[in-house]
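*Asks:* Please find one structure pasted underneath; my questions will follow.
The values are calculated or read from the model by the stated rules, or taken from the named source; none is laboratory data. These numbers were taken from a predicted model, which means no experiment stands behind them. Cβ: placed from backbone, ideal geometry, glycine included. Neighbour counts: every protein chain shown.
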Amino acid sequence: MSDESTKEKGSIEHAVNRLELDIDGAVLKPHELMAQLMDLRGSVTISDFLLEPDVPPDAQPSHPASVKALAASVFADVRESLTFSIENAYRPRYRLPTADRAWAVLKRTQVLDSYIKGSRVDRKAALKSASRLIWAPFGEFIETRLKRARFALRDLREELTGLLIGLGEASADVERLDYALRTAIEAETTKFYQRIGYWANVEFTKALADALNELPQVADSDAFSIGFNETGWLGTIFGDAMELVVSVTEHEIGQIINLIENAIKASKD
């Protein structure tokens, strides 16, 4: 998903690719995966925690039910907000380009002329410029949805600190370790998630080029709109990107759920 293909593959991507090559024979070793996900700052964070664990802040006694209730409320809000934005993405309120607007950009950037009488070099340059302009609102939509969901869950995680520590000393240890691990891998995982938008932009450019190649020389926005809509090739690419956003969100929800369950379990041992 990244244009930095000449550099080392991203840690999560590398791990996923390795597993995909031989799913049956691959053995996932947590310590190896963690090492791949941590940059220098993350390694220092973990080292500091192991050498001298954070002292938990003071907290009032809490109850597992209150922890679960708070989390469930935020999870519901995040999911509802994400679902609403996906279901209404093509409505005017989000101002995503319509086929007419995209067609106007193609004309203004000389893409259509280059496909009729331009060279391959001219066509490629014009297409790159037009693609960037047309896709920008879609990319911003994807990035905004992902950021809002992650920020809401990050705020929840911070709010849970006192409640989890309030469950007891063992729960506090679980909370502090989780905090250290999250901090250690945050930079690399964020970089990986940001590749969603880049990947979708690349796929959009390819699909746009294919769509223009298939159009007759005498065509208008009506012909172009057959694919450039919610149920056409545009909708497929945009939908796949938003599915990744949902997957990331559910993954981070799952992490918080695991933290809560383990903290509650530790409080009872």
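*Asks:* Being surrounded by fewer than 11 Cβ atoms within 10 Å (Cβ to Cβ), modelled with pLDDT under 70, assigned to a loop (DSSP other than H, G, I, E, B) and not β-branched (V, I, T) is the filter here, so list the residues in region 31-72 that pass it.
*Replies:* Answer for region 31-72, where residues must be surrounded by fewer than 11 Cβ atoms within 10 Å (Cβ to Cβ), modelled with pLDDT under 70, assigned to a loop (DSSP other than H, G, I, E, B) and not β-branched (V, I, T): E52, P57, D58.
*Asks:* Only residues that are within 30 Å of G235 (Cα to Cα), surrounded by fewer than 17 Cβ atoms within 10 Å (Cβ to Cβ) and in contact (Cβ under 8 Å) with a residue 12 or more places away in the chain: list them for region 133-179, please.
*Replies:* Selection gives L133, P137, E143, R148.
*Asks:* Could you say whether any residue in region 221-230 is of a type in the set (V, I, T) and in contact (Cβ under 8 Å) with a residue 24 or more places away in the chain?
*Replies:* No; the residues of region 221-230 include none that is of a type in the set (V, I, T) and in contact (Cβ under 8 Å) with a residue 24 or more places away in the chain.
*Asks:* Residue by residue through region 92-109, note down the ones that are assigned to a loop (DSSP other than H, G, I, E, B) and surrounded by fewer than 17 Cβ atoms within 10 Å (Cβ to Cβ).
*Replies:* Those that are assigned to a loop (DSSP other than H, G, I, E, B) and surrounded by fewer than 17 Cβ atoms within 10 Å (Cβ to Cβ): R95, T98.
*Asks:* Report yes if some residue within region 73-91 is on the phi > 0 side of the Ramachandran plot, under 25 Å from the mean Cα position of the chain (by Cα) and modelled with pLDDT of 90 or more; otherwise report no. So that I can check it myself, show each step before the final result.
*Replies:* From region 73-91, those on the phi > 0 side of the Ramachandran plot are none; that's our starting set.
Checked against the condition, which is being on the phi > 0 side of the Ramachandran plot, under 25 Å from the mean Cα position of the chain (by Cα) and modelled with pLDDT of 90 or more, region 73-91 yields no hits at all.
*Asks:* Output the number of residues of region 109-134 satisfying the condition of being over 21 Å from V202 (Cα atoms) and of a type in the set (D, E, K, R).
*Replies:* The qualifying residues number 2.
*Asks:* Looking only at region 95-111, count how many residues are without any contact (Cβ under 8 Å) to a residue 40 or more places away in the chain and under 16 Å from N213 (Cβ atoms).
*Replies:* 0
*Asks:* Here is a further query. Residue check: is F204 buried (at least 18 other Cβ atoms within 10 Å of the Cβ), under 21 Å from A104 (Cα atoms) and at pLDDT 95 or above?
*Replies:* Values: buried (at least 18 other Cβ atoms within 10 Å of the Cβ): yes; under 21 Å from A104 (Cα atoms): yes; at pLDDT 95 or above: yes.
Considered against the rule, which asks whether it is buried (at least 18 other Cβ atoms within 10 Å of the Cβ), under 21 Å from A104 (Cα atoms) and at pLDDT 95 or above, F204 comes out as yes.
*Asks:* Pull out all pairs, ordered by first then second residue, where Cβ-Cβ is under 7 Å, the residues are six or more apart or on different chains, the first lies in region 242-269 and is among the polar types (S, T, N, Q), and the second is assigned to a helix (DSSP H, G or I) and buried (at least 16 other Cβ atoms within 10 Å of the Cβ).
*Replies:* T249/V78; T249/L82; T249/A149; N262/V174; S267/S171
*Asks:* Can I ask one more? Residues to consider are L234, L215; find the one that is among the hydrophobic types (A, V, I, L, M, F, W, C), at pLDDT 95 or above and surrounded by 14 or more Cβ atoms within 10 Å (Cβ to Cβ).
*Replies:* Answer to the check: L234.
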